[in-house]
Structures are given as structure tokens and as C-alpha cells.
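One structure is given below, encoded as C-alpha cells.
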Amino acid sequence: MLKKCLPAFLLVLCFAPQLALAQAKIGFFDLQEIIRSSEAGKQSQQELRQFVESQHALLRSKRDNIEKAQKALQDAPKNNGERKKLQQQLNEQIDEYRSLSSQYRSELQKRDAALTNSINRDVQGIVHRIAQQMKLTFVFETNGCGIVVYPESTDITEEVIQEYNSALISQK
């Protein structure tokens, strides 16, 4: 995290003498809040929830089949070829479940990253426009740089959300 923020802070320090004369204006925004509160963020979250629910249903079905196979294996007579066959089927079902679970997690991460990146691209353009309108010299994303305390008057998150929602409405 320090590596991400260090160039930004060094840039601010390099221009500090000039900025002191020019009365630098700094703004902050919270990308996570924008994702939680904007219409695009809510749509993305809904898409992810639907994906999660569908995958959980599939995995739950596979898990139920595994439990049935375990019960059948427990009820099977010992020293029997049928028991070996049931054990092999159970192992195959467990392997399939693990594979599907891994694929599901990977797909969920890909979808989450794609949706977040899409929102991030849109937000960057909106932040740039707002920064120009408000004549802000620097704008920092609060989570990315670990900024914890900043004056509330410099927070442009709500303006970004409103403009983002307006842009989505005009696209429809």
C-alpha cells in the first residue's frame, strides 16, 4: 500500500513550494462507497449475488449427492467389490465437487474484478470532470492510499455518485 501512495505523496512534495503559492485544492473520494451506493454498483452487486446463488445451488446439489454416496458406502457390506465401487464413485464425486468449487471461486473473482474495473474506469472519468469543475489540484482515493482522516469538505464521493447515477439514467 505504501508503494502505491508513495509516488503520489512525492509528487505533492515536489510541487509543494509552487502549490503553497497557488493555494492547492485537494479532494478525496471513496471508491468502495461509490460501488456500494451507485446504481451501477448496486447492479453489479446484484449480478454477483445471482451468480453466487446459482453456483451455491449447484454445489449444494453436489454436496447432497456426496452425502448420499457416503451413507451408501457406510451401509455397504464390508469386504465386497460393491464397496470398492462405491468408494471410487464417492472419490470421483468429491474430486468433481472440489474442482467445481475451485472453478466457481475463480469465476467469481474474475466477474468481481471485471465489474469493479468497469466501475473504476467510469468513476475515473467522472472524478476528472468534477476535479476540473471544482478546480481541484489533486484527488486521492481514500482506500487505495490508506488515507484515514481528511476534511469532510474535501470529500467528493457524493458528487461522484450523483453524476454517475445521472450518466446511467441518460444512457438508458
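Laboratory data are not the source of any read-out in this text; all were calculated from the coordinates shown. Since we're looking at a predicted model, the values are computed, not measured. A quick note on method: Cβ atoms are made from the backbone with ideal geometry, for glycine too, and the neighbour counts reach across all protein chains shown.
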Starting from the range 46-63, take each residue that is more than 14 Å from Glu107 (Cβ to Cβ) and list its partners that are of a type in the set (S, T, N, Q) and assigned to a helix (DSSP H, G or I), counting only C-beta distances under 8 angstrom and pairs at least six apart or across chains.
Lys62/Gln93
Go through (1) outside any helix (DSSP H, G or I); (2) touching a Ser or Thr at 6+ places or on another chain (Cβ under 6 Å); (3) not aliphatic (A, V, I, L, M) one by one and return the number of the condition Tyr164 breaks.
(1)
Residues that are more than 30 Å from Ile66 (Cα to Cα) and touching a strand residue (DSSP E or B) at 6+ places or on another chain (Cβ under 8 Å): does the range 158-171 have at least one?
yes
Inspect the range 127-141 for any residue being under 30 Å from Val52 (Cβ atoms) and either among the aromatic types (Phe, Trp, Tyr) or surrounded by fewer than 18 Cβ atoms within 10 Å (Cβ to Cβ) (or both) and give the result as yes or no.
no
Determine whether Tyr150 is more than 21 Å from the chain's Cα centre (by Cα) and assigned to a loop (DSSP other than H, G, I, E, B).
yes
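If I filter the range 91-112 for residues that are within 24 Å of Gln171 (Cα to Cα) and in a helix (DSSP H, G or I), do I get at least one hit?
yes
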